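The values are calculated or read from the model by the stated rules, or taken from the named source; none is laboratory data. Note that this is a predicted model, so its numbers are computed, not measured. With ideal geometry, Cβ positions are generated from the backbone for all residues, glycine too; neighbour counts draw on all protein chains shown.
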Amino acid sequence: MSVIYIMWLRQLKRYWRSKSRMIGILGQPLLFLLALGFGFGPIYEKAGGGNYIQFLAPGIVAMTILFNAIFNGMEVIWDRQFGFLKETLVAPVPRYKIMFGRTMGGATVAFIQGIIVFLISLIIGFRPHNLIQIPLTLIFMFVIALLFAAIGIAIASKLEDMQAFPIIINFVVMPLFFLSGALFPLDKIPKAIKVISLFNPLSYGVDSLRGTLTGISHIGLVVDAMILIVSLIIAGAVGTYLFSRVEV
């Protein structure tokens, strides 16, 4: 347990020490909330969709968690190049504990960023449908963070080039984001794209946040929870296996 705590605490210290990183990460969510929220808001409302900020905000919160969690895997490559990973892996502790600690640390950072973006969305006009469901929203947010933190570490475990990681991750996260229903309703898209979106775990994350925050869920919170948990178990198992085979 001490190893898990140390790895978790180390991730948090890196986050709090990097003020520029904290501010920079908020740039993209703010751009989407302000530019898309107010830019496409009138068009969305005229099309009969209602308040676009209400629809968009849960998706942007999910996007923030996705990007922060999955890019956390880069620190595995960073630690490998600077020797810290070797010092960690030679310690007489199971590697799955190290993997779990890193995943928890990355997920916690992404979770905090998600909360910050959620609070910003409240400032610009988003209003939760039912305050009683906010704790459930936070649970879903943390599960999403754990899922994509595990995926990020799994991908990083197979890479040694720090420059290749963001290229590959962008190739992964952009389809995940744009096919998740974060920016547009999934029930009004072509059937082929809708089928693809059903294989996207972020679709269920966005739907769960939208369901708990706005009361509108196209898939269902029970199904969302089941898919996210199963995806987390698979990602955690794959990530643990790949991380256990890392050579330094």
Among (1) modelled with pLDDT of 90 or more; (2) over 18 Å from the mean Cα position of the chain (by Cα); (3) assigned to a helix (DSSP H, G or I); (4) of a type outside the set (D, E, K, R), Tyr204 falls short only on (2)
Among the residues of the stretch 187-196, is any part of a helix (DSSP H, G or I), buried (at least 21 other Cβ atoms within 10 Å of the Cβ) and of a type outside the set (Ser, Thr, Tyr)?
no
State which residue is farthest from Glu75 (Cα to Cα) when the search covers only the stretch 127-172 and only residues that are within 14 Å of the chain's Cα centre (by Cα), at pLDDT 90 or above and β-branched (Val, Ile, Thr).
Thr137
Inside the stretch 128-176, can you point out the residues that are aromatic (Phe, Trp, Tyr) and closer than 24 Å to Val222 by Cβ?
Phe140, Phe142, Phe148
Scan the stretch 90-102 and tell me whether some residue there is within 27 Å of Ser208 (Cβ to Cβ), at pLDDT 70 or above, part of a helix (DSSP H, G or I) and of a type in the set (D, E, K, R).
yes
Can you pull out the residues in the stretch 25-74 that are touching a Gly at 6+ places or on another chain (Cβ under 6 Å) and hydrophobic (A, V, I, L, M, F, W, C)?
Ile53, Leu56, Val61, Ala62, Ile65, Ala69, Ile70
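Listed here are the residues, each with its yes/no results for (1) touching a helix residue (DSSP H, G or I) at 6+ places or on another chain (Cβ under 6 Å); (2) surrounded by fewer than 23 Cβ atoms within 10 Å (Cβ to Cβ); (3) touching a residue at least 40 places away in the same chain (Cβ under 8 Å).
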| residue | (1), (2), (3) |
| --- | --- |
| Arg127 | no, yes, yes |
| Leu131 | no, yes, no |
| Pro135 | no, yes, no |
| Phe140 | yes, no, yes |
| Ala156 | yes, no, yes |
Can you pull out the residues in the stretch 68-89 that are modelled with pLDDT of 85 or more and β-branched (Val, Ile, Thr)?
Ile70
Taking the stretch 173-186 as the search range and keeping residues that are surrounded by 13 or more Cβ atoms within 10 Å (Cβ to Cβ) and in a helix (DSSP H, G or I), which one is farthest from the chain's Cα centre (by Cα)?
Leu186
Please go through the stretch 40-76 and pick out each residue that is within 19 Å of Ala149 (Cα to Cα) and charged (D, E, K, R).
Glu75
Any residue at all in the stretch 221-233 that is outside any loop (DSSP other than H, G, I, E, B) and closer than 26 Å to Leu34 by Cβ?
no
Could you list all residues from the stretch 134-172 that are hydrophobic (A, V, I, L, M, F, W, C) and over 17 Å from Phe111 (Cα atoms)?
Ala154, Ile155, Ala156, Leu159, Met162, Ala164, Phe165, Ile167, Ile168, Ile169, Phe171, Val172
Scanning the stretch 217-248 residue by residue, those in contact (Cβ under 8 Å) with a residue 40 or more places away in the chain, more than 19 Å from the chain's Cα centre (by Cα) and surrounded by 14 or more Cβ atoms within 10 Å (Cβ to Cβ) turn out to be Leu242, Phe243, Ser244, Val246, Val248
Close pairs from the stretch 193-206: first over 10 Å from Ser231 (Cβ atoms) and aromatic (Phe, Trp, Tyr), partner modelled with pLDDT of 90 or more and in a helix (DSSP H, G or I), Cβ under 7 Å, at least 6 apart:
none
